[in-house]
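Peer 1: This is the structure I have questions about; it appears just below.
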Amino acid sequence: MADNESATASTTDQEASKSTETKRWADVAEEEQDVAEASSTEPKLDSLAIDDSRLGHSTLTDPDDSSIEAVTSGDTPYTSAKRFEDLNLSPELLKGLYVEMKFEKPSKIQAISLPMILTPPNKNLIAQAHNGSGKTTCFVLGMLSRVDPKLTAPQALCICPTRELAIQNMEVLLKMGKFTGITSELAIPADPANYIPIQKRPPITAQVIIGTPGTICKWMLAKKLGMSQMKILVFDEADHMLAESGFRDDSVKIMKAIAKANFSCQVLLFSATFDDAVKAFVSKIVEEIFVRDYNQMFVKKEELSLESVKQYKVHCPDELSKIMVIKDRILELGEKVGQTIIFVRSRNSAAMLHKSLVSLGYEVTTIQGALKQEDRDKIIKEFKEGLTQVLISTDLLARGFDQKQVNLVVNFDLPVRYDRPTEPDYEVYLHRVGRAGRFGRKGAVFNLLCDDRDDLIMGKIEKYFNAQIAEVAPWNSEKEFEVALENAGLL
Ligand code: AMP
């Protein structure tokens, strides 16, 4: 707990009480948006290894009976892969999939996208896939099967928006590629204690590099990360990586450097969301930089919110009642159903909620971008191992964080655009919802609303996704919360 107390250090009691009267905590200005990478170590992956033996394994069902539209260019025929054997994978990779990952067959998006990725001429791919439907496997398997194990040089590069996501993807790569002998390295912000400037390091020889854009650019500019043998470049959460408000400049810089060094490098762009503007930009830039056509895979907007996750709204009279709902209803009932992530809009809001819940005697941990990297790693590790049940998070974990035991997501603050706080951030909403109900599991999302602005934002979200979000009323009814969880299939 001590580590997380630091999350509360910057905010005083006085501010807390003031905020409940006038302004919401989330409205207090942030120095930095919490979806970006922080700065630069190579964390020791051993210490980050997740012991999931205590978590138990349940049978998985493929969530995806939705319509996925694949748009292929050129005349290469692709056949959907019913079994992993249909993909021409090495025996080592098949062993990784069956023995280590314990997968039985490809999910729907894997069945459709893997043949497009693996069949020569290995065209570029822009792929949208539901949250939790198995997209990591698509690009990790793509990277592992395109690398030549005999060539000691970087051949695959995966770029992610946060160090947490880079570490998580690296864990999947290490597990899936366990029998291949393929080498890998993380390129993420270094912890100041172990920091060795890149100029003082030998050139990178690992075959797969997974990292965040700032560190990758730094390595590239220092000429330590050679691009000439690069066969495959992956952008995870590609819409954010190429959005103007995201990492567009670094991402484009990396793409251009790779295209210059190795024109035939394949580019894969994966995300659960691509709004129209980003989609247009992504398609244009891929075509312009690599001067080639590309394949696409898309899901209808209405189908994106996961069917298996029930969404609810709760009208609370004020901010204090939001805390009461979390304490008396969600945490009490949530204990019976699995783990919970509570999303807040700002570091300040995270700190205040953390403080309130801890002072009421609840054990919660909190993650946000201003924490030290080793604390961030520790909090994630404890949550992934099931040692903690409730995690408060800024949007740092909104995208990609994969923890099967998360059944409940609470939007303590609704997601809004940073530049226009009355406008919902639809993509972030969808990504937050996607933290529950991984790979077709059941889940519930509670949106806590407490004023007209929240109502307006919720209304826009419902309209955008063409979804009627059920209300749990009154806000303090134990019975109604139980019914909501029953209807979500969790009780
Ligand atoms: P992702 O969308 O890649 O984060 O994957 C969501 C979850 O589904 C992860 O926990 C994966 O381990 C799991 N998963 C992915 N592909 C499969 C598969 N073919 N069979 C069973 N589980 C899978």
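Peer 1: Residue 417 - would you say it is buried (at least 23 other Cβ atoms within 10 Å of the Cβ), outside the structural domain of residue 242 (by TED's automatic domain parsing), among the charged types (D, E, K, R) and under 23 Å from the mean Cα position of the chain (by Cα)? Talk me through it step by step, then tell me what you get.
Peer 2: Details: buried (at least 23 other Cβ atoms within 10 Å of the Cβ): no; outside the structural domain of residue 242 (by TED's automatic domain parsing): yes; among the charged types (D, E, K, R): yes; under 23 Å from the mean Cα position of the chain (by Cα): yes.
For residue 417, the condition - buried (at least 23 other Cβ atoms within 10 Å of the Cβ), outside the structural domain of residue 242 (by TED's automatic domain parsing), among the charged types (D, E, K, R) and under 23 Å from the mean Cα position of the chain (by Cα) - is not met.
Peer 1: List every residue pair whose Cβ atoms lie under 8 Å apart, where the two residues are 6 or more positions apart in sequence or sit on different chains, the first residue falls within region 226-242 and is free of Cβ contacts under 8 Å to residues at least 24 places away in the same chain and over 15 Å from residue 146 (Cα atoms), and the second residue, located anywhere, is surrounded by fewer than 20 Cβ atoms within 10 Å (Cβ to Cβ) and not hydroxyl-bearing (Ser, Thr, Tyr).
Peer 2: Partner pairs satisfying both residue conditions: none exist.
Peer 1: Of all residues being part of a loop (DSSP other than H, G, I, E, B) and modelled with pLDDT of 90 or more in region 422-437, which is nearest to residue 274 (Cα to Cα)? Just the residue, please. Steps first, please.
Peer 2: First, the residues of region 422-437 that are part of a loop (DSSP other than H, G, I, E, B): 422-423, 425, 434-437.
If we keep only those that are modelled with pLDDT of 90 or more as well, we get 422-423, 425, 434-436.
Values: 422: 21, 423: 17, 425: 12, 434: 15, 435: 18, 436: 20 Å.
Ranking the qualifying residues of region 422-437, first place goes to 425.
Peer 1: Looking only at region 109-133, filter to residues that are away from the ligand (no atom under 15 Å from the Cβ) and assigned to a loop (DSSP other than H, G, I, E, B); which one of those is surrounded by the fewest Cβ atoms within 10 Å (Cβ to Cβ)? Walk me through how you get there before you give the answer.
Peer 2: Within region 109-133, the first condition is being away from the ligand (no atom under 15 Å from the Cβ), and the residues that meet it are 116, 118-126.
Add one more test, that the residue is assigned to a loop (DSSP other than H, G, I, E, B), and what stays is 119-123.
Working: 119: 16, 120: 6, 121: 9, 122: 18, 123: 21.
Checked region 109-133; the qualifying residue surrounded by the fewest Cβ atoms within 10 Å (Cβ to Cβ) is 120.
Peer 1: Among what's in region 134-160 and is closer than 18 Å to residue 401 by Cβ and either in a loop (DSSP other than H, G, I, E, B) or more than 18 Å from the chain's Cα centre (by Cα) (or both), pick the residue that is farthest from the ligand (Cβ to nearest atom).
Peer 2: Here the answer is 160.
Peer 1: Return the total of residues in region 184-220 being out of contact with any helix residue (DSSP H, G or I) (no Cβ under 8 Å at 6 or more places or on another chain), within 18 Å of residue 139 (Cβ to Cβ) and not charged (D, E, K, R).
Peer 2: 2
Peer 1: In addition: May I ask you to list the residues in region 342-363 that are among the aliphatic types (A, V, I, L, M) and surrounded by fewer than 22 Cβ atoms within 10 Å (Cβ to Cβ)? Please lay out each step first, then the result.
Peer 2: Taking region 342-363 first, the residues among the aliphatic types (A, V, I, L, M) are 342, 344, 350-353, 357-358, 360.
Passing the criteria: 357, 358, 360.
Peer 1: Basic (Lys, Arg), within 21 Å of residue 97 (Cβ to Cβ) and out of contact with any Gly (no Cβ under 7 Å at 6 or more places or on another chain), is that true of residue 231?
Peer 2: yes
Peer 1: Return the only residue of 341, 330, 258, 323 being over 21 Å from residue 74 (Cα atoms) and touching a Cys at 6+ places or on another chain (Cβ under 7 Å). Walk me through how you get there before you give the answer.
Peer 2: Details: 341 fails: touching a Cys at 6+ places or on another chain (Cβ under 7 Å); 330 fails: touching a Cys at 6+ places or on another chain (Cβ under 7 Å); 323 fails: touching a Cys at 6+ places or on another chain (Cβ under 7 Å).
Exactly one of 341, 330, 258, 323 is over 21 Å from residue 74 (Cα atoms) and touching a Cys at 6+ places or on another chain (Cβ under 7 Å), namely 258.
The values are calculated or read from the model by the stated rules, or taken from the named source; none is laboratory data. Note that the structure is a prediction, hence the values are computed from the model and not measured. Every residue, glycine among them, receives a Cβ derived from its backbone with ideal geometry; neighbour counts consider all protein chains shown.
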